[in-house]
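Colleague: After the structure tokens below, expect a handful of questions from me.
The values are calculated or read from the model by the stated rules, or taken from the named source; none is laboratory data. No experiment lies behind these values; they were computed from the predicted model shown. Methodologically, a virtual Cβ is constructed for each residue, glycine included, from the backbone with ideal geometry; neighbour enumeration extends over all protein chains shown. Calculation scope for accessible area: heavy atoms of the full protein, side chains included, ligands and nucleic acids excluded. Shrake-Rupley method; radii C 1.70, N 1.55, O 1.52, S 1.80 Å.
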Amino acid sequence: MLLGNLSIFYPSVLFLEGLPGFESAHTSLSISVFIMYIMAIIGNGFILIIIISQQRLHSPMYYFLCTLSLTDVVLSSSIVLKMLGIFWMNDKEITFLSCLVQMFFIHCFTSLESGVLMAMALDRYVAICKPLHYTTMLTNSLILKITIALIIRGTVIVTPCPLMASRLPFCQTHHISHSYCDHMAVVKLACADTTINSAYGLTVVLLCIVFDVSVIAMSYILILRTVLKLSSQTDKRKAFGTCSSHISTIIMFYTLGLFSFLTHRVGHIEPYIHVILSSLYLLVPPALNPIIYGVKTKEIRTAAYNLLSQSVK
């Protein structure tokens, strides 16, 4: 296909291989993927209903949790629907444009999820270290501005990835060794120098993940310092309790993300192992986040019980 005066060749369709070299596991893996997706949709939907319907949960922490739940729904939906089509119906074909759109949504909402986790860490910092200023500092207006800023950040830094990929010539294989259109998996198909694409992908990681993790780490260092100064053991347990669900989510998200990132760039990894790790990175947090917050957050447990009690009556 020609674009302007430049001879840029790209296919009208690409083919997602699913689990390359391990096709026999497609059916069994699809069951796990389907279960995690249902958990993500139902769990995050329930979290949204609880927070929206319960007036006492209309506070900064739960507004950010709402954003996290919405992000998880979009993120998991971006990969699962096509993935199940591959596993169940061997529907591997995807148009080039659809592949670029999927690439954008996956990486943009991954950036947004990381940003929301960072915002939630700042929320916990203000709540524990500056409790008297909590309501005046974290106003609804500020929360909205933070959320919009995170969406803009993700859009601005991720948009060049599919645009740059669309300018590459794809004159050899059109088969992607993945179950979704990951940026690097698509770029590796090009029959040209992809150094700039790889460097920009790494830059996006540094701008988003490394920055967010640094802010989260600094927030929790300050929180820990404040908590250790408390004289009451009860107050210490209460402070740690308010952070436990968020810490669990952070560990899960960034640990899986680190493994997924390293399998692209360090050593020789079997393709199916990378696909599994990358899929878990995008599927496990959306499936487990509602459970983590439901189990570890007393306010959500109480609100869920009251909501269910009202629906039964």
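Each row is one residue, and each column tells you yes or no for (1) closer than 24 Å to L70 by Cα; (2) modelled with pLDDT under 80; (3) among the hydrophobic types (A, V, I, L, M, F, W, C); (4) crowded, with 21+ Cβ neighbours inside 10 Å.
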{"site": "Y254", "(1), (2), (3), (4)": "yes, no, no, no"}
{"site": "G257", "(1), (2), (3), (4)": "yes, no, no, yes"}
{"site": "T263", "(1), (2), (3), (4)": "no, yes, no, no"}
{"site": "H268", "(1), (2), (3), (4)": "no, yes, no, no"}
{"site": "L277", "(1), (2), (3), (4)": "yes, no, yes, no"}
{"site": "L280", "(1), (2), (3), (4)": "yes, no, yes, no"}
{"site": "A287", "(1), (2), (3), (4)": "yes, no, yes, yes"}
{"site": "V295", "(1), (2), (3), (4)": "yes, yes, yes, no"}
{"site": "L307", "(1), (2), (3), (4)": "yes, yes, yes, no"}
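Colleague: Taking segment 140-171, which residues are closer than 20 Å to V101 by Cβ and charged (D, E, K, R)?
Modeller: Selection gives R153, R167.
Colleague: For segment 104-117, give me the residue count where each residue is open to solvent by less than 20 Å² (accessible area, probe 1.4 Å) and in contact (Cβ under 8 Å) with a residue 60 or more places away in the chain.
Modeller: Number satisfying all stated conditions: 7.
Colleague: Among the residues of segment 230-280, which ones are among the hydrophobic types (A, V, I, L, M, F, W, C) and more than 18 Å from the chain's Cα centre (by Cα)?
Modeller: Of everything in segment 230-280, those that are among the hydrophobic types (A, V, I, L, M, F, W, C) and more than 18 Å from the chain's Cα centre (by Cα) turn out to be L230, A239, F240, C243, V266, I269, I273.
Colleague: May I ask you to verify whether T136 is touching a strand residue (DSSP E or B) at 6+ places or on another chain (Cβ under 7 Å) and polar (S, T, N, Q)?
Modeller: It is false that T136 is touching a strand residue (DSSP E or B) at 6+ places or on another chain (Cβ under 7 Å) and polar (S, T, N, Q).
Colleague: Take S198 and decide whether it is open to solvent by less than 40 Å² (accessible area, probe 1.4 Å), outside any loop (DSSP other than H, G, I, E, B) and either closer than 25 Å to E93 by Cα or among the hydroxyl-bearing types (S, T, Y) (or both).
Modeller: Taking the combined requirement at face value, the residue satisfies it.
Colleague: Considering (1) within 18 Å of Y281 (Cβ to Cβ); (2) surrounded by fewer than 19 Cβ atoms within 10 Å (Cβ to Cβ), say which one R56 fails and leave the rest.
Modeller: All conditions are met except number (1).
Colleague: So if I check each of I143, I157, I128, which one is over 22 Å from V187 (Cβ atoms), out of contact with any Lys or Arg (no Cβ under 7 Å at 6 or more places or on another chain) and surrounded by fewer than 20 Cβ atoms within 10 Å (Cβ to Cβ)?
Modeller: I143
So that you can scan it fast, the table gives a plain yes or no per residue for (1) surrounded by fewer than 21 Cβ atoms within 10 Å (Cβ to Cβ); (2) part of a loop (DSSP other than H, G, I, E, B); (3) modelled with pLDDT of 90 or more; (4) more than 24 Å from the chain's Cα centre (by Cα):
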residue: P11; (1), (2), (3), (4): yes, yes, no, yes
residue: T27; (1), (2), (3), (4): yes, no, no, yes
residue: S32; (1), (2), (3), (4): yes, no, yes, no
residue: S78; (1), (2), (3), (4): no, no, yes, no
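Colleague: Can you tell which of L228, L222, L207 is open to solvent by 40 Å² or more (accessible area, probe 1.4 Å), in contact with a Phe, Trp or Tyr (Cβ under 9 Å, 6 or more places away or on another chain) and over 30 Å from F15 (Cα atoms)?
Modeller: L222
Colleague: Just name the residue that is farthest from Y200 (Cα to Cα) out of those in segment 131-171 that are polar (S, T, N, Q) and touching a residue at least 24 places away in the same chain (Cβ under 8 Å).
Modeller: Looking at the filtered set, the residue picked out is N140.
Colleague: Same structure, new question: How many residues does segment 170-193 contain that are in contact with a Leu (Cβ under 8 Å, 6 or more places away or on another chain) and either among the basic types (K, R) or buried (at least 19 other Cβ atoms within 10 Å of the Cβ) (or both)?
Modeller: 9
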